[in-house]
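Notes for the one structure printed next.
The values are calculated or read from the model by the stated rules, or taken from the named source; none is laboratory data. Keep in mind that what you see is a predicted model, and the values were worked out from it rather than measured. Every residue, glycine as well, gets a Cβ built from its backbone with ideal geometry; the counts of neighbours run over all protein chains shown.
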Amino acid sequence: MGLTAIRAEVRRTTDKIFPGISNGDLDAAVNAWYLTSWRHLDKVAPHLTRTTQTLALVADQLTAYTLTTAALALLFMQPPHANRNERKFTFAVADNDFYTHEDQTDIWVAQEGETSLVTRPAIDTAMTATVHYIKKPTPITTSVAQETFDDQTLAAGAIGMLLRAYDHPEAHEWLDERGPKQGMGIAYTKLRNELHTVAMFGINSNLSSTVEGWPS
């Protein structure tokens, strides 16, 4: 597992079509497909993609609170059980209405950046609250391997994205998105097969499946 192996898989195909793709372009395609795959993984195995963090809310604080892990999507935020009936937290967009919101029973929370949350109004008493969210996976590098997904699954998606970027006629064989409800092609087939395995047997099953059309 790792970027070096994924690069090798990608180049087995792309070097035959248009050699000389830079590592930068290749790595960007790998990580773009990794993020797409991660979103699909959340649908079948949210225990792998989601996390929680308890924030210590400070009275009258207007500055941002920091998440230790980048958030891909916020889900919900809960006050302590003793405060459930008197406080709630609602995720909102940081527009003009957000900054003028004054209801202390309904604290609005907005995401300023991947790891920054702000609240309005500033809560009037110190309190802890737990944020539940989909974490953003750490980008794959030569020193940081993917958290999940086979090398070939990520390579197939990267190949498709690179071929599509160059408007190559074989792109649809790898990444066919003409059916909006269900992507087709080798990349989506590989991804679906792996997601099915994870859903049925777990991420550490060591099971694998082959896809007709994958280069030998």
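List of remarks:
- The listed residue being modelled with pLDDT of 95 or more, touching a helix residue (DSSP H, G or I) at 6+ places or on another chain (Cβ under 9 Å) and closer than 15 Å to D60 by Cα, out of V109, V118: V118
- Pairs, first under 21 Å from A126 (Cα atoms) in the range 92-116, second acidic (D, E), C-beta under 7 Å, six or more apart: Q104/D124; T105/E86
- Applying a threshold of 7 Å to beta carbon distances and a minimum spacing of six or more residues, or different chains, the list of pairs starting in the range 118-134 at a residue that is farther than 19 Å from T52 by Cβ and ending at one that is hydroxyl-bearing (S, T, Y) and surrounded by fewer than 14 Cβ atoms within 10 Å (Cβ to Cβ) reads R120/Y99.
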